[in-house]
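Throughout, read-outs are computed from the coordinates displayed, never taken from laboratory work. Note that the structure is predicted; figures quoted are calculated from it, not measured. Cβ placement follows ideal geometry from the backbone for every residue including glycine, while neighbour counts extend to all protein chains displayed.
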Amino acid sequence: MNYYCSTVNLIYLIVAFMTGSCCCQRKKQPYERKAQVNVPTVTCSSRGMRAVFDPTVKSNVHVKDFTGALIPLPESDEFCGVKVSKEKNKSISIFSRYDSCYAIFEGNNVIIPLQVQLKGQDRWIRVNISCPLIKRRSERTHTHPTPFPGNCDSDRALRLDCGVGSVSAEACNNLGCCYDVHQVHCYHRLDACSVDGHFVFSVKAKDSHPPIDPRSLVVKNQPHCLPEITTADIAIFKIRITECGAKMQSDGDMLIYEVEVVEMPDTERETLHSPFSLQVQCEYEALDAKRAAELQPLYALTNPPPVVALGTIKVQMRIATDPSFTSFIPEDQLPLTVALRDTVNVEISIVQPFPDPSLSLFVRDCFAYPASRHSVWTLLYDGCPNPVDNMRSSIPVDNQGKTTSHSQVRRFDVKTFAFLEPDSGNPSAEEVRLTQ
């Protein structure tokens, strides 16, 4: 079958656990700008940009929104993708995603417009922090052959076979793959969407700050979907667009496939960075996706995509009076006043009666935040207690390690805590709310 270029657009999106979803371009290597007097040190990474001001800067940093209004950062919505924190040396650290609510794009740069004050002064100083972005690559089908995106200059040890059995140079080219005439080897282009319908991408340890362990990466909720190649520095994934629970959506004549790669927590050592998550998309024109599907008989379909149907499901969250979960606090008695570090037993369930007993409820993430929404804390991440929480939640299990509750009911406990006021650092008296 002779056709040359499907829409092979590989898009990377990086998300942090305290922000909403984001869409930013993958950066090859983070780099750092050296600070000058009262100028922040700005670190650009694949997750976003971080600016650290020296201790002479007040904590009341403001950001300018698209209307020109100045907004105090501690009061900004965490879902906007910007947050401020204090370092141990009392310096101010600001993190922003590249697609935050306050990002301004100028050419190949993304800029966050800030205003700060120095201690002992009332004058506001305008400080723009910025990082460069790589333009998103987009290739459409052409009548005449065009170069395929992706990298053929990968090390031999990192090459993944393309095609089945012995593939000729011509057949290899028709598949959009690379051919090594010396090794007589057809292999996939790296960081590209293949003509035969595969995600083929790499994740480097230094793609995140702090660095990740590529050997701990896996497709989210698909523990058997591991990298094809792993070293201490890089992981290489090859995933068929119809496998490993890949999601599909349509946009006009385009079909968009997406998988999410996460870092499995290391239970033997404490980590202080937020959980790593990488979303990868492949875009195909509908006709090219059909052609890729015609090549599927050459491969075993080991993990078909999940069945999806539309419908309305009513879910409730309740607080139990004790760990037996036999009685619950009435809504008119909420909010509760609970001593710090006391246990609160939480149940999330599908409201009964529900006609389909085969349906299961899976709680992926659960967050706590104060009424003002100036902060957020993760209680459950990907269905498990937050690995960086020193008073982490617990989930009841039986002797076999399985949850003791029904599949339509999920239970866990929370050790109560208080958020700190952004300005004073004192414990906040605000209500703490839970959401999943």
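For region 343-348, 3J(HN,Hα) computed residue by residue from phi via the Karplus equation (6.51, -1.76, 1.60; θ = phi - 60°) reads 8, 10, 9, 10, 10, 10 Hz, glycine and proline entered as x. Site pair Leu334 and Glu87 shows an inter-label distance of 4.0 nm when each label is modelled 7 Å from Cα along Cα→Cβ.
Among 180-187, 229-236, sorting by the average number of other beta carbon atoms lying within 10 angstrom of each residue, highest first, gives 229-236, 180-187. Only alpha carbons enter this Debye calculation for region 149-214, each as an equal point scatterer, and the log10 of I(q)/I(0) it gives at q = 0.17, 0.26 Å⁻¹ is -0.60, -1.12.
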